[in-house]
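Q: Once you've had a glance at the structure underneath, I'll fire off some questions.
Just so it is clear, none of the values below were taken in a lab; they were calculated from the coordinates. Remember, predicted model here, so these are calculated numbers, not experimental data. Using ideal geometry, Cβ is built from the backbone for each residue, glycine included, and neighbour counts are taken over all protein chains shown.
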Amino acid sequence: MGGGGEDEYESLPTHSIPVHLAAGALAGAVEHCVMFPFDSVKTRMQSLCPCPETKCPTPVHSLMSIVKREGWLRPLRGVNAVAAGSMPAHALYFTVYEKLKGFLTGNMAGHEHTLAYGASGIVATLIHDAVMNPAEVVKQRMQMAFSPYGSSLECVRCIYNREGIAAFYRSYTTQLAMNVPFQAIHFMNYEFWQQVLNPDHKYDPKSHLIAGGLAGGLAAALTTPMDCVKTVLNTQQTAEADTANRRIFLQNELQAKYRYRGITDTVRTIYRQRGLSGFSCGLQARVIFQVPATALSWSVYELFKFMLSFEGGHSS
């Protein structure tokens, strides 16, 4: 990777949209799939449905508990749904971010453009979440303890038949309330650390890895309360489900009769059942998931962006 490749990488803001789409899709798949088991742990800890994982001292113990009781593959249930959703969602997410960032900053880097990075991240998030939210609902239903669904497709059919298409977007407002600040913090911090660690803005795997991890970890920690609200909205289900000729009660009696109708309703329910600590459930698991996931996402994105632009430059 000689100097010519670095020149191509530096000129990426003017490169074709397919480069960003392809690199973003690959980055999305890696981000959501590699650390998926810890995302499953986080979902169970945040849900109001009773499960043994809430009593484990650490996320690692929770993961071991799931594997011991339900088998090695159980923490991966729903990974195909999130992979299918994350690839198009992240393709659009990175492309919108790159193009809008270039427009707002005039393709110039620097700390003075911090607000432009945040604004670009917010717009990218609005588009990303519109694509990703249905996959997120299916994924979290599949991750639950005693989930009755045999596959992601069965889960989609059941949700649609019992609750209608609106169920796939019930948490969309909450998702935005969490992800808008998350992504603003994420992108501003990533670009900040890039300025510190990689002031020349050349392809530098180490700086992309470190900056991505630091940015993702901070954003995840600060937005955990809204993530708890989103999880509760996503995992509410009808009172009972039939599977293998036996009835499984998916929620306790109160939850079976009561459906959360929005952010305020859900916040009150979480506070009533768990107190303030209910809004920090899954914090450790969320950070453990997000630090390597975001680090890998940026590393993969920057790598493929560099490779695709480098090849494109030499093929023209």
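Q: What ranking do Ser309, Ser40, Ser277 get, fewest neighbouring Cβ atoms within 10 angstrom at the top?
A: Working: Ser309 24, Ser40 28, Ser277 9.
Fewest-to-most ranking of Ser309, Ser40, Ser277: Ser277, Ser309, Ser40.
Q: Rank these for me by crowding, Phe168, Phe94, going from fewest to most other beta carbons within 10 Å. Show your work: numbers first, answer last.
A: Working: Phe168 19, Phe94 26.
So the residues, fewest neighbours to most, are Phe168, Phe94.
Q: Just tell me which lysines come within less than 20 Å, Cα to Cα, of Lys230; anything on the same chain fewer than 8 places away is out.
A: Result set, ordered by chain and number: Lys42, Lys139, Lys257.
Q: Excluding His113 itself, what net charge comes from residues whose Cβ is under 9 Å from its Cβ, given Lys and Arg +1 and Asp and Glu -1? Working shown, then result.
A: Values: positive: Lys101; negative: Glu112, Glu191.
Once positives and negatives cancel, what remains is -1.
Q: Here is a follow-up. Taking neighbour Cβ counts within 10 Å as the exposure measure, how do Trp193, Trp72 sort from fewest upward?
A: Numbers: Trp193 18, Trp72 10.
If I rank by nearby Cβ atoms, fewest first, I get Trp72, Trp193.
Q: Rounding to the nearest 20 debye, state how big the charge dipole of the range 130-170 is about its Cα centre with +1 on each Lys and Arg Cβ and -1 on each Asp and Glu Cβ.
A: Numbers: 5 positive and 3 negative charges, 8 e Å.
Charge dipole of the range 130-170: 40 debye, to the nearest 20.
Q: Need the full-extension length gain, Asp265 to Leu153, defined as separation in residues times 0.36 nm minus the C-alpha distance. One decimal, nm.
A: Numbers: separation 112, 0.36 × 112 = 40.32 nm, distance 2.95 nm.
That works out to 37.4 nm of additional length.
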